[in-house]
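Structure first, then comments.
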Amino acid sequence: MKIRININIKVGRIVKYFVLSDLFFLAGWGLVEPIFSVFVIEKVAGATLITVGIAAAIYWILKSVLEIPIANHIDRAPGEKDGFVVLVIGLFLAAFSAFAFICVREIWELYVIQTIHAVAFSFYVPSWYAIFSRHLDKGRVSFDWSLDSTMGGIGAGITGLLSGVIAKMFGFSTVFAIAGILSVVAAFIIMASPDIILPKPTDGDGETVMKEHSLHETGV
């Protein structure tokens, strides 16, 4: 019995940019997640397990509530400019929140930064999905999504494995600093592709027209 596996990883340029960006972004936050509760208990004055739960609730509830109106705004806007701007803002907000966690010492500060963290991801998720889904390679939709999930999962898994070691050897601040740096890297990767995401065709009067993208052929 022979099993032949042939994996073609040739994908479009936007898919490459976005998968790479997601890899850095999720790898950065993959460092934070395993040690976050320990950080709160050890470094935030008066924090308990209840504090950890409240911080998690702030993030998940606020992120979930904000995503729908943000997604509606992106869907109503012509072209991809709004989604692109929201995505970049989300990435830089995420970077800011990662760096800000370094300075957290009080419970109220933790909750404020968690709020910013939630807003950042509520910007990131719908805008990333919107642009990525419009640039999926024709006939390779499942592969493109799976490639992103695989790369992001591997990145987060590796950094998750390393997070405890880094926190133990260099401290929690180093973990958050790396997460912030990787979020900034992810933002610059996205910003490297505006000419592809934001094409500049003109109509007969010379006015710039935003082109709506959809599934298209695999490119390099």
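Under a point spin-label approximation (7 Å from Cα along Cα-to-Cβ), what is the Val112-Ala56 distance to one decimal in nm?
2.5
Relative to the compact globular guide of 2.2 N^0.38 Å, what is the alpha carbon radius of gyration of segment 13-194, as a ratio? Display every interim value, and only then the final one.
Values: Rg = 16.6 Å, N = 182, 2.2 N^0.38 = 15.9 Å.
Here the Cα radius of gyration is 1.04 times the empirical estimate.
All of the numbers you see were taken from the coordinates with simple rules; none came from a lab. Since this is a predicted model, take the numbers as computed values, not measurements. For neighbour counting, all protein chains shown are included, and Cβ atoms are generated from backbone atoms with ideal geometry for every residue, glycine included.
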